[in-house]
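One structure is given here, and the rest of the page talks about it.
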Amino acid sequence: MNVAVGDQIPDWVMESVSAARMRTMAAILRDPNPVHWDARVVERIGFGRHTINQGPLGLSYMINMLHAWTGPRSIRRIFMRFPLVVLDGDRITARGRVTAIREDNGERLADCDIWLHRDGSEPPLAGSATVVVPD
Amino acid sequence: MPAAPTPDAIAALVGHEFPGGEYTIAHWENFLLTECTGAEPLPDGLAHPVALFHVPILGAKTSIKEMFELGQAESDFSIGIESYDWEIYRPLEEEVAYRITGRVTAADRRSQDGRTFDRIQFRFDLAQPDGAPAARATITWHYGRGQRPNARTGDAS
């Protein structure tokens, strides 16, 4: 696989963030925070009648992008910050760009900036990742 | 609203260890988790890496609720995420009994952009059944003090 600094990682799109998936996720995480499953609570704290996507779910869209690009065993590290919330109904695109290529223990690694894009907004999530680049 | 803990009480959290234990990602759990992400199931029994949020917490025998309480969170809405840092030494797999330890690695009071919060960092290490390192997950949360929740970041999971 040919990869160079500056390359764009192919986008991965979540057409509409799903409140139902947030509820399933809350059960799996044993997460009691109602902002993920009770829109009335979220409305009271000023986000409108929505539910707030779990941070790891937003991060997972970038994982899916990386898996589609370099394979399901490729991720070595992800560092993520969460400046803005993602709400149900949002259209989110996971994006990334290669910032460095290096060798480590016989593996060719790509360091990448990764983020979520939402039209009309700053990136709600942004961070970095390191993946193994397949031959 | 309960009184905020003292800065010394927050700093004293450093070194706190959770009981630790084992966690096995069941196939059904991985299937549902992966479906939540919008992806198809991964091949060969691989677990979706998003499991690196809840598996360390539950495997260390703690919970999101207990982590909120440990830092004396004022409410569910008073906690914001600073960062998650996941290091993966071997891809996670279903039906493997990971050995998990967890502890508080940093805790201090800070003021920034006109708000006061306690920054608490948790580190969890996952090992294969033979003891080989599998992954490390570092969670850093901000516990807001005496103000409305951060209207931009909202939640902590």
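The values are calculated or read from the model by the stated rules, or taken from the named source; none is laboratory data. In this text the structure is predicted, and so the values were computed from the model without any measurement. Heads up, the Cβs are rebuilt from the backbone with ideal geometry, glycines too, and the neighbour counts pull from every protein chain shown.
Between a first residue in the stretch A:120-135 that is over 16 Å from residue A:105 (Cβ atoms) and a second residue that is among the polar types (S, T, N, Q), which pairs have beta carbons less than 8 Å apart while being 6 or more apart in sequence or on different chains? The qualifying pairs are A:127/B:83; A:128/A:99. Of the residues that make up the stretch A:98-113, is at least one under 28 Å from residue B:64 (Cβ atoms), touching a Ser or Thr at 6+ places or on another chain (Cβ under 9 Å) and either buried (at least 23 other Cβ atoms within 10 Å of the Cβ) or within 12 Å of chain B (Cβ to nearest Cβ) (or both)? Among the residues of the stretch A:98-113, not one is under 28 Å from residue B:64 (Cβ atoms), touching a Ser or Thr at 6+ places or on another chain (Cβ under 9 Å) and either buried (at least 23 other Cβ atoms within 10 Å of the Cβ) or within 12 Å of chain B (Cβ to nearest Cβ) (or both), which makes the answer no.
If you check residue B:80 against the conditions, is it touching a Ser or Thr at 6+ places or on another chain (Cβ under 6 Å), at pLDDT below 95 and over 25 Å from residue A:68 (Cβ atoms)? Yes; evaluated as a whole, the condition is true for this residue.
The helices (runs of 4 or more DSSP H) found wholly in the stretch A:1-93 and carrying at least 1 residues that are in contact with a Lys or Arg (Cβ under 6 Å, 6 or more places away or on another chain) and either acidic (Asp, Glu) or at pLDDT below 95 (or both) occupy A:39-44. Return yes when residue B:38 is buried (at least 22 other Cβ atoms within 10 Å of the Cβ), farther than 22 Å from residue B:125 by Cβ and at the interface with chain A (Cβ under 10 Å from one of its Cβ atoms) and no when it is not. It is false that residue B:38 is buried (at least 22 other Cβ atoms within 10 Å of the Cβ), farther than 22 Å from residue B:125 by Cβ and at the interface with chain A (Cβ under 10 Å from one of its Cβ atoms). Just so you know, in the stretch B:56-72 the residues that are at the interface with chain A (Cβ under 10 Å from one of its Cβ atoms) and not polar (S, T, N, Q) include one that is nearest to the chain's Cα centre (by Cα), and it is B:57.
Residues that are out of contact with any helix residue (DSSP H, G or I) (no Cβ under 9 Å at 6 or more places or on another chain), more than 8 Å from every other protein chain (Cβ to nearest Cβ) and buried (at least 17 other Cβ atoms within 10 Å of the Cβ) are absent from the stretch A:45-56.
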